[in-house]
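Here is the structure we will look at.
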Amino acid sequence: MDSFNYTFAALRGIQAQREYFVAMCPMRLIPRIFLFNEDEIPAELRAQRVLNRARIPAIARYLVDNAGDYVFSAITASIDGEIEFQPSADKGRSRNIGQLVVPMSAKFVVNDGQHRRAAIEEALKERPELGDETIAVVFFVDAGLKRSQQLFADLNTHAVRASSSIGILYDFRDPLSQVARTVAAHVPVFKGLTDMERSTIPNRSIKLFTLSGIFHANVALLRKSPQDEVTPEEVRLAVEFWTELCKIIPEWQERVVRSVASAELRRDYVHVHSVTLHAIGMAGADLIAADPRDWQQRLQRLSQIDWSRSNTRLWEGRAMIGGQMSKAHNNIVRTASALKQTLGLPLSPHEERLEHALSPVAVRTELEEATV
């Protein structure tokens, strides 16, 4: 063993007949000892994916802004070095409790948690006092770091990212998540018909919308970014807007009184899909900005639209591609453009360009022929 060591309070465990250790590591040590492979190293020689630096500021901001109420899961790292585990007892349960001694000359590679590691480094610059707090680290001994790539694959192969809907449901820090939950609870067509956990609705589900779809529609309607403050007036506006729309779309009313099945509406109409909901939010934001006093009256014009998926002259290339619903950005914008024209609202230069790319003929004439 080298004369200079890191010493961690640790627990010893066994997986696949190999020892591993769970230790508490002061955050100030995280940037110093845990390394990640730099971007310029070829993928076949790295032990994990390239660091996505765009993710780091948001994670660091979360840590700094919630210093009294944050949660960070464990980092997984490999050690290439002659480690020593010093148990607190020779037998019994205490033989797996003790100190992990690692020489300072050992190499550490992060197998899982490199973005947390980079975010901690950034957060410590602004709040150095966080350095005295600890994060759990799972250590695997990997001589020559030969198993690091396999460790990364094994750790991520079966990892399942939580749906965006359930993330919104459980997020009490983001004001827009609160707006989505409030709208889902108070708008008649959303109440009881919103899937709060999944972001894709199964064919036989009685649900009609997803919480993530409502969330993104409200982001567009209120013209907010995630984590932006939302006033009580804006929350009331969102509830009022979707409630008014519920009165205008007859199929929504039919579902409220249970005279039609959700599966039938998803099969036959575009207005229950997230792409259209998002587009309605975009068009609604422009409508309220253009006519803040009488937007409810102008919103009635949407009753002219034939929302059925069979109306391909209107929806193909907008909410649909090849007969399938599409949530691509350009499709959302083109769908919003169709709604804005029905509402008598001007298009932005970007929307105009997308309209001209959609069809060589005059789009306004096409819309007039396609609407009921």
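The values are calculated or read from the model by the stated rules, or taken from the named source; none is laboratory data. Note that the coordinates shown come from a computational prediction; the quantities given were computed from them, not determined experimentally. Cβ atoms come from the backbone with ideal geometry, glycine included; neighbour counts cover every protein chain shown.
Here are the numbers:
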| read-out | value |
| --- | --- |
| Qualifying position, being of a type in the set (Ser, Thr, Tyr), under 16 Å from His271 (Cα atoms), surrounded by 21 or more Cβ atoms within 10 Å (Cβ to Cβ) and in the same structural domain as Ala217 (by TED's automatic domain parsing), among Ser337, Ser308 | Ser337 |
| Residue within region 212-234 that is buried (at least 17 other Cβ atoms within 10 Å of the Cβ), over 14 Å from Gly284 (Cα atoms), at pLDDT 95 or above and in contact with a strand residue (DSSP E or B) (Cβ under 7 Å, 6 or more places away or on another chain) present | no |
| Subset tally (residues that are acidic (Asp, Glu) and part of a helix (DSSP H, G or I)) for region 173-224 | 0 |
| Close pairs from region 128-153: first within 20 Å of Val22 (Cβ to Cβ), partner modelled with pLDDT of 90 or more and part of a helix (DSSP H, G or I), Cβ under 7 Å, at least 6 apart | Glu133/Met27; Thr134/Met27; Ile135/Met27; Ile135/Ile30 |
| Enumeration of residues in region 160-175 that are of a type in the set (A, V, I, L, M) and under 17 Å from Asp195 (Cα atoms) | Ala162, Ile166, Ile168, Leu169 |
| Every residue from region 257-304 that is in contact (Cβ under 8 Å) with a residue 40 or more places away in the chain and touching an Asp or Glu at 6+ places or on another chain (Cβ under 7 Å) | Leu265, Tyr269, Gln296, Arg298, Leu299 |
| Any hit, region 150-170, residues being of a type in the set (Val, Ile, Thr), at pLDDT below 85 and not in a helix (DSSP H, G or I) | yes |
| Lone qualifier among Glu264, Glu240 - being surrounded by fewer than 18 Cβ atoms within 10 Å (Cβ to Cβ), under 31 Å from the mean Cα position of the chain (by Cα) and under 24 Å from Pro175 (Cα atoms) | Glu240 |
| Residue check for Gln150: more than 22 Å from Phe4 (Cα to Cα) and not assigned by TED's automatic domain parsing to the domain that holds Glu229 | yes |
| Single condition Val272 does not satisfy, out of (1) closer than 18 Å to Asn331 by Cα; (2) touching a Leu at 6+ places or on another chain (Cβ under 7 Å); (3) in a helix (DSSP H, G or I) | (3) |
